[in-house]
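Working notes, beginning with the structure itself.
The values are calculated or read from the model by the stated rules, or taken from the named source; none is laboratory data. Please read these numbers as outputs of a predicted model, since none were measured by experiment. Note that we place each Cβ from the backbone using ideal geometry, even for glycine, and neighbour counts take in every protein chain shown.
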Amino acid sequence: MSPVNGGPDSGVDPEVMDLDGVDADVLPAALPGNLDEDLSDEPFDAAAFDEDEFVGDEVPFYDGDAFSVDEGELLPVLAVVGRPNVGKSTLVNRIIGRREAVTEDTPGVTRDRVAYEAAWNGRRFTVLDTGGWDPEGEGLRASITAQAERAVALADAVLFVVDATVGATDHDEAVVRILRASKKPVVLAANKVDGAATESDASMLWSLGLGEPYPVSALHGRGSGDLLDAALEALPVEPGLGHLVIGGPRRVALLGKPNVGKSSLLNKLAGENRVVVDSVAGTTVDPVDELVELGGKTWRFVDTAGIRRKVNTASGHEYFASLRTAAALDKAEVAVVLIEAHESITEQDTRIISMVVESGRALVIAYNKWDLLDDERRHYLEREIERDLVRVPWAPRVNIAARTGRHMDKLVPAIETALESWDQRIPTGRLNSFIGTLVAAHPHPIRGGKQPRVLFATQAATRPPRFVLFASGFIEAGYRRFIERRLREEFGFAGTPIDLSIRVREKRSKR
């Protein structure tokens, strides 16, 4: 091999020759003294540095820097309950003024109890959406009913929704008996009253013995003001149990494909059956958040719907569930991506990890169902990790079993490590000292007779760490990956993506 093509006598730095595919052409180990003048338009004057002289990559914006560290606020809780398909989630969306709860004209879409913050006439409160209450349900329906009963126990007041077009059914009367036993204030909503002609249907609900039925159309908003006025009268000014709104605790999103064990993990962490767990994939639809005490700290864990292989082709509540999962990731600070350890890593798993990296959130990879692993599978898993997860070797890894609680104590240290890296800021002086030493030892390959130089570096932001390099010419992608790899070796950054942007100095017109 000739020296020109990077042979042993070419003087090409072996570190730069192995820059993730960068073809290092001619790169002398010691550049001639006058070569610098030929390769750079003019020497860099740090004192006269002007950022406006540089053009190039736009520094992407993440909203991570705006995360609040304020303490949470305790708000009164209004639980919305009723039998399946009476319009509870539609009414919740009407109350909170946005489409948060997933709705579809099919019974059983909502399964867990989901909290939303709402406000009416200057008063803030928490709305708990629940699944359809079926006192005679079995299996999954029984679990959904148990969550609704738990919502009533946690609430300061209850909004009982009945379909006025159908009237009071045996299931409605069974729910009423349970509500009376709870001793909680109850407001009766006669839903699906879309006009004056159907208001007489609402009057038939006096027979339930819960007081005045308030006719309302959750779909069109008719009568919702009077209903909310009555609900606020039922809610105490000072909450009894209350619900802590999003505030101080760090937010952790549990992500993964369907049936990977996200809900089981949340239940194990919470120490109770907080969310419905079933062997049927896709049980979770709405994101469910829960405050959990772990490692002496309070965390807000968010269980999300499983991300399916083809989101764009999904329809109905599955499509909207995927949108809610993406929104939950945007609100989170760190994502724990669950992967089935006893199954092969799939394209779906790597796509979910890529989604977290692109969102700029900290990342922890949890290999769940570790108790089902044998020695042979463990060998192949290590090879799959090296092959399929080569983009995220920096992500902390924990091996857990959500069903048995194995190695749960290792999850919090991994999350804390990722968040510390996500928040980390490198002083500009230390950063430039490191970059200067690095590029001096391993300069950028020569391209077209020119060798771009990194003139100045700064960390523009945290959450995630974003670095801007000001250079005299275009910096190739492979050299950027080399710098990122060395940044991680020097400063850590375990568990967080790093954004590296390049600003190239414009050529000044000669006068």
Restricting region 85-103 to residues that are modelled with pLDDT of 85 or more and assigned to a loop (DSSP other than H, G, I, E, B), the residue that is farthest from Y116 (Cα to Cα): V86
Leading residue by the ranking (farthest from I502 (Cα to Cα)) among those in region 446-466 that are hydrophobic (A, V, I, L, M, F, W, C) and touching a residue at least 40 places away in the same chain (Cβ under 8 Å): I446
Any hit, region 188-198, residues being under 17 Å from P84 (Cβ atoms), modelled with pLDDT under 90 and touching a Phe, Trp or Tyr at 6+ places or on another chain (Cβ under 8 Å): no
T298 in the same structural domain as T350 (by TED's automatic domain parsing), buried (at least 22 other Cβ atoms within 10 Å of the Cβ), at pLDDT 75 or above and among the hydroxyl-bearing types (S, T, Y): no
Odd one out for A155, checked against (1) over 25 Å from D289 (Cβ atoms); (2) of a type outside the set (S, T, Y); (3) surrounded by 21 or more Cβ atoms within 10 Å (Cβ to Cβ): (1)
Meets criteria (at pLDDT below 95 and either exposed (fewer than 15 other Cβ atoms within 10 Å of the Cβ) or assigned by TED's automatic domain parsing to the domain that holds A335 (or both)) for V412: yes
Which listed residue, of I502, I475, is at pLDDT below 95 and either assigned to a strand (DSSP E or B) or among the basic types (K, R) (or both): I502
Subset of region 452-472 (residues that are over 18 Å from E506 (Cβ atoms) and in a loop (DSSP other than H, G, I, E, B)): T462, R463, P464, P465
Output for region 286-302, where each listed residue is under 16 Å from V337 (Cα atoms) and not in a strand (DSSP E or B): P287
Residue match in region 124-138 (condition: surrounded by fewer than 19 Cβ atoms within 10 Å (Cβ to Cβ) and touching a strand residue (DSSP E or B) at 6+ places or on another chain (Cβ under 9 Å)): yes
Top-ranked residue of region 461-504 - restricted to ones that are acidic (D, E) and touching a strand residue (DSSP E or B) at 6+ places or on another chain (Cβ under 6 Å), ranked as nearest to L438 (Cα to Cα): E484
Index of the failed condition, V260 passing every other in (1) modelled with pLDDT under 75; (2) surrounded by 23 or more Cβ atoms within 10 Å (Cβ to Cβ); (3) over 19 Å from L128 (Cβ atoms): (1)
Check on L381, farther than 24 Å from R251 by Cα and assigned by TED's automatic domain parsing to the domain that holds R250: yes
Which listed residue, of L469, L455, L431, is surrounded by fewer than 21 Cβ atoms within 10 Å (Cβ to Cβ) and not assigned by TED's automatic domain parsing to the domain that holds I353: L431
Residue satisfying all of: in region 420-433; assigned to a loop (DSSP other than H, G, I, E, B) and not hydrophobic (A, V, I, L, M, F, W, C); farthest from G271 (Cα to Cα) among these: P427
